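Asker: Questions regarding the structure given below will be posed in turn.
The values are calculated or read from the model by the stated rules, or taken from the named source; none is laboratory data. The model shown is predicted, which means the values in this text are computed figures rather than measured ones. Cβ placement follows ideal geometry from the backbone for every residue including glycine, while neighbour counts extend to all protein chains displayed.
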Amino acid sequence: MKILVVGSGGREHAIIRKLAQSPKAEKIYCTPGNGGIEADGAECFDISATDIDGVVQLAQQLAVDLVVVAPDDPLVMGMVDALQAKGFMTFGPKKNAAIIEGSKVFSKELMKKYGIPTAKYEVFTDSEDAIAYVREQNTYPAVIKADGLALGKGVILAQNENEAVEAIRSMIDDKKFGESSSTIVVEEYLTGPEVSVLSFTDGKTMAPMLSSMDHKRAYDNDEGLNTGGMGTVAPNPYYTEDIAKECMEKIFIPTMNAMNAEGRTFEGCLYFGLMLTPDGPKVIEYNCRFGDPETQVVLPMLETDLVDIMEAIYSHTLSGVDVKWSDGCCTCVVMASGGYPLSYPKGLEISGLDSRGQVDGCEVFHAGTKLSDGKFLTNGGRVLGVTAKGLTLKGSIDNAYAGAAKISFENAHYRKDIGQRAMKALISDPLDLEYKQDLEDYLEENGVYLRQ
Ligand code: AMP
Ligand code: GLY
């Protein structure tokens with residue numbers, strides 16, 4: 001099969017590497033791709049991921065058998081519908097289902113209507129009404145969210161009234177995110193560990209992937225600004241078997257059924273951003289796609305052929321596929337440009353990578369890189385996701401950091417504590433047998449003792 005992947009980040013590189021392991025994948029193309037994706041064997045093109053006509057034409061020109069649309073914008077804009085109209089097999093939801101990420105108001109109303117646990121909320125289009133509501137509630141942090149897509153920056157946790165008023169005015173009156181923020185959601189602040197669960201679904205079957213934990217802040221100990229994600233580990237130790245069962249019954253299956261009942265069957269990868277609150281798991285957000293950098297730790301653990309899964313979702317036969325995951329753990333450490341998530345330079349030479357953009361013992365997923373005269377140069381904020389497996393969480397963390405230590409570029413920045421929160425959870429909260437085993441292995445390897 002000839003496969004075209006739309007997108008250009010670490011997530012797309014991880015998808016491509018997994019697709020390439022399929023005996024069915026004879027040629028993989030990517031648009032626009034990046035330096036590492038190209039060096040790794042996928043032919044790249046200059047067509048932007050949001051250029052629907054351009055991507056349809058490219059798919060026709062290359063006569064591909066499958067198009068995987070990875071990023072949120074083209075999915076929300078209806079790229080899958082346009083490709084299917086020309087007869088292509090696709091992976092990703094149609095426009096009427098991608099709205100689950102494209103509109104927070106839609107997703108909150110869906111959850112309310114179908115009794116899916118989430119934070120309480122109100123919707124506003126008038127800033128004075130929203131401000132009056134926040135003043136009346138008088139509980140901080142106040143959570144203020146733009147309705148539409150906002151490059152991952154549409155959520156503000158206002159610590160006091162002034163911050164809340166400023167956030168509301170900037171979104172509704174100053175149109176900080178354009179039309180995306182002319183409607184806002186103000187919701188209850190929830191607490192508890194966060195878990196990301198991506199799930200394959202064809203609208204009939206939910207096949208959740210391994211759980212994972214993102215690290216969103218720029219610096220160690222969760223300090224600094226929010227970023228697209230500075231690293232991930234899988235599985236997430238807070239996500240026990242009991243919690244997984246509860247999520248399946250109260251969140252995953254009800255969401256699939258709700259979308260069907262609304263005539264918006266979701267086909268693709270549905271991302272559940274969950275918070276494990278004292279009142280049970282609740283949905284923080286839905287995404288209509290693979291997460292970034294969650295995909296980088298989840299797909300390397302997938303044992304089943306990804307092309308088979310994508311074909312089965314397209315033909316609504318996912319129930320016939322046994323989706324299997326490896327034992328052990330996986331860690332991704334994101335190497336970013338100094339200055340990210342604010343301003344940063346581009347074009348710095350990266351050293352330590354082999355000709356395919358890889359290092360021994362790891363999978364290096366390229367995000368912001370380009371190839372120039374056979375050299376890899378930085379070309380974005382998040383540059384590389386250095387990813388490694390291990391039998392234990394500690395093992396995978398050590399392997400990923402050993403890989404990152406081999407790579408350098410001027411002012412490279414990466415967090416040194418990716419996975420530490422998960423390690424603490426394992427040590428203080430070995431809730432189920434699988435993790436007890438992991439904990440015992442860890443103790444044996446490291447001579448660390450449990451707090452009594
Ligand atoms: P989102 O872009 O919706 O993933 O939100 C970004 C981050 O804001 C989440 O990962 C949470 O850490 C935080 N967040 C969002 N909604 C809430 C909420 N209702 N309560 C507490 N934290 C939240
Ligand atoms: N890592 C969060 C996201 O992909 O939205």
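Asker: Exactly one condition in (1) under 20 Å from H215 (Cα atoms); (2) within 16 Å of ligand 1 (Cβ to nearest atom); (3) out of contact with any Pro (no Cβ under 6 Å at 6 or more places or on another chain); (4) not polar (S, T, N, Q) is false for P278; which is it?
Answerer: Failing condition for P278: (1).
Asker: Same structure, new question: Return the residues of the range 120-147 that are assigned to a loop (DSSP other than H, G, I, E, B) and crowded, with 19+ Cβ neighbours inside 10 Å; say none if nothing qualifies.
Answerer: At the first step, the residues of the range 120-147 found to be assigned to a loop (DSSP other than H, G, I, E, B) are 120, 125-126, 138-141, 147.
Result: D147, single match.
Asker: To continue, here is another question. Considering only the range 149-162, I want to know if a residue exists there that is assigned to a helix (DSSP H, G or I) and either more than 16 Å from ligand 1 (Cβ to nearest atom) or out of contact with any Ser or Thr (no Cβ under 6 Å at 6 or more places or on another chain) (or both). Spell out the reasoning first.
Answerer: Of the range 149-162, the ones assigned to a helix (DSSP H, G or I) are 161-162.
Now restrict to residues that are either more than 16 Å from ligand 1 (Cβ to nearest atom) or out of contact with any Ser or Thr (no Cβ under 6 Å at 6 or more places or on another chain) (or both): 161-162.
Checking the range 149-162: at least one residue is assigned to a helix (DSSP H, G or I) and either more than 16 Å from ligand 1 (Cβ to nearest atom) or out of contact with any Ser or Thr (no Cβ under 6 Å at 6 or more places or on another chain) (or both).
Asker: Right, another one. Would you please name the residue that is surrounded by the fewest Cβ atoms within 10 Å (Cβ to Cβ), looking only at residues in the range 91-119 that are within 14 Å of ligand 1 (Cβ to nearest atom) and of a type in the set (S, T, Y)?
Answerer: For the range 91-119, the residue satisfying everything is S103.
Here's the yes/no breakdown for (1) touching a residue at least 40 places away in the same chain (Cβ under 8 Å); (2) of a type outside the set (A, V, I, L, M, F, W, C):
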{"site": "M1", "(1), (2)": "yes, no"}
{"site": "A20", "(1), (2)": "no, no"}
{"site": "G33", "(1), (2)": "no, yes"}
{"site": "S48", "(1), (2)": "no, yes"}
{"site": "I52", "(1), (2)": "no, no"}
{"site": "V56", "(1), (2)": "no, no"}
{"site": "A59", "(1), (2)": "yes, no"}
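Asker: Across the range 370-381, which residue is nearest to the chain's Cα centre (by Cα) among those that are over 24 Å from P341 (Cα atoms) and assigned to a loop (DSSP other than H, G, I, E, B)?
Answerer: Taking the range 370-381 first, the residues over 24 Å from P341 (Cα atoms) are 372-375.
Now restrict to residues that are assigned to a loop (DSSP other than H, G, I, E, B): 373-374.
Values: D373: 32, G374: 30 Å.
Among residues in the range 370-381 that are over 24 Å from P341 (Cα atoms) and assigned to a loop (DSSP other than H, G, I, E, B), the one nearest to the chain's Cα centre (by Cα) is G374.
Asker: Go through the range 1-89 and tell me which helices (runs of 4 or more DSSP H), entirely inside it, have 3 or more residues that are under 19 Å from the mean Cα position of the chain (by Cα).
Answerer: Of the helices (runs of 4 or more DSSP H) lying wholly inside the range 1-89, those with at least 3 residues that are under 19 Å from the mean Cα position of the chain (by Cα) span 10-20, 72-77.
Asker: If you take the residues in the range 300-334 that are small (G, A, S) and touching a helix residue (DSSP H, G or I) at 6+ places or on another chain (Cβ under 6 Å), which one is nearest to G381 (Cα to Cα)?
Answerer: Pass one, the range 300-334, residues small (G, A, S): 312, 315, 319-320, 326, 328.
Remaining after also requiring touching a helix residue (DSSP H, G or I) at 6+ places or on another chain (Cβ under 6 Å): 312, 326.
Values: A312: 35, S326: 31 Å.
The extreme case among them is S326.
Asker: Which ones in the range 253-269 are in contact with a helix residue (DSSP H, G or I) (Cβ under 7 Å, 6 or more places away or on another chain) and within 16 Å of ligand 2 (Cβ to nearest atom)?
Answerer: G268
Asker: Moving on to the next point. Out of F106, F91, I need the residue that is away from ligand 2 (no atom under 16 Å from the Cβ), without any contact (Cβ under 8 Å) to a residue 12 or more places away in the chain and aromatic (F, W, Y). Which one? Spell out how you get there, then give the answer.
Answerer: On the way: F91 fails: without any contact (Cβ under 8 Å) to a residue 12 or more places away in the chain.
Only one candidate qualifies: F106.
Asker: Next question. If I ask for residues that are of a type in the set (G, A, S) and either touching a Pro at 6+ places or on another chain (Cβ under 9 Å) or surrounded by 22 or more Cβ atoms within 10 Å (Cβ to Cβ) (or both), which ones from the range 151-203 would you list? Spell out the reasoning first.
Answerer: So the first thing to find is which residues in the range 151-203 are of a type in the set (G, A, S), and the list is 152, 154, 158, 164, 167, 170, 178, 180-182, 192, 196, 199, 203.
Answer for the range 151-203, where residues must be of a type in the set (G, A, S) and either touching a Pro at 6+ places or on another chain (Cβ under 9 Å) or surrounded by 22 or more Cβ atoms within 10 Å (Cβ to Cβ) (or both): A158, A164, A167, S181, G192, S196, S199.
Asker: If you don't mind, there's one more thing I want to ask. Among (1) more than 13 Å from ligand 2 (Cβ to nearest atom); (2) of a type outside the set (A, V, I, L, M, F, W, C); (3) at pLDDT 95 or above, which single condition is P278 missing?
Answerer: The one condition P278 does not meet is (3).
Asker: Kindly provide the set of residues from the range 324-369 that are of a type in the set (D, E), touching a residue at least 60 places away in the same chain (Cβ under 8 Å) and assigned to a loop (DSSP other than H, G, I, E, B), ordered by number.
Answerer: Matches in the range 324-369: D327 only.
Asker: Looking at G224, G228, can you tell me which residue is buried (at least 20 other Cβ atoms within 10 Å of the Cβ), within 16 Å of ligand 1 (Cβ to nearest atom) and not β-branched (V, I, T)?
Answerer: Values: G224 fails: buried (at least 20 other Cβ atoms within 10 Å of the Cβ).
Testing whether each residue is buried (at least 20 other Cβ atoms within 10 Å of the Cβ), within 16 Å of ligand 1 (Cβ to nearest atom) and not β-branched (V, I, T) leaves just G228.
Asker: Does P93 qualify as being within 30 Å of D308 (Cβ to Cβ) and assigned to a loop (DSSP other than H, G, I, E, B)? So that I can check it myself, show each step before the final result.
Answerer: Working: within 30 Å of D308 (Cβ to Cβ): yes; assigned to a loop (DSSP other than H, G, I, E, B): yes.
So P93 fits the description; yes.
Asker: In the range 179-216, which residue that is within 16 Å of ligand 2 (Cβ to nearest atom) and polar (S, T, N, Q) is nearest to N260 (Cα to Cα)?
Answerer: Result: S199.
Asker: Still on this structure, I have one more. Within the range 188-230, how many residues are within 27 Å of P93 (Cβ to Cβ), assigned to a strand (DSSP E or B) and either of a type in the set (D, E) or in contact with a helix residue (DSSP H, G or I) (Cβ under 9 Å, 6 or more places away or on another chain) (or both)?
Answerer: 14
Asker: Q137 - would you say it is farther than 22 Å from F177 by Cβ, out of contact with any strand residue (DSSP E or B) (no Cβ under 7 Å at 6 or more places or on another chain), of a type outside the set (S, T, Y) and at pLDDT below 95?
Answerer: yes
Asker: Next up: Do you know which residues across the range 318-349 are β-branched (V, I, T) and crowded, with 23+ Cβ neighbours inside 10 Å? Reasoning before the result, please.
Answerer: The initial filter retains those residues of the range 318-349 that are β-branched (V, I, T), namely 321, 323, 331, 333-334.
Passing the criteria: T331, V333, V334.
Asker: A follow-up question, please. Has the range 91-108 got at least one residue that is out of contact with any strand residue (DSSP E or B) (no Cβ under 7 Å at 6 or more places or on another chain), over 28 Å from G9 (Cβ atoms) and not β-branched (V, I, T)? So that I can check it myself, show each step before the final result.
Answerer: Taking the range 91-108 first, the residues out of contact with any strand residue (DSSP E or B) (no Cβ under 7 Å at 6 or more places or on another chain) are 94-99, 102-103, 106.
Narrowing further to those that are over 28 Å from G9 (Cβ atoms): none.
No.
Asker: Moving to a separate point now. Between a first residue in the range 303-323 that is modelled with pLDDT under 95 and a second residue that is part of a helix (DSSP H, G or I), which pairs have beta carbons less than 7 Å apart while being 6 or more apart in sequence or on different chains?
Answerer: none
Asker: Test S199 against the stated conditions and say whether it is of a type in the set (S, T, N, Q), out of contact with any Asp or Glu (no Cβ under 7 Å at 6 or more places or on another chain) and within 15 Å of E285 (Cβ to Cβ).
Answerer: On the way: of a type in the set (S, T, N, Q): yes; out of contact with any Asp or Glu (no Cβ under 7 Å at 6 or more places or on another chain): yes; within 15 Å of E285 (Cβ to Cβ): yes.
For S199, the condition - of a type in the set (S, T, N, Q), out of contact with any Asp or Glu (no Cβ under 7 Å at 6 or more places or on another chain) and within 15 Å of E285 (Cβ to Cβ) - is met.
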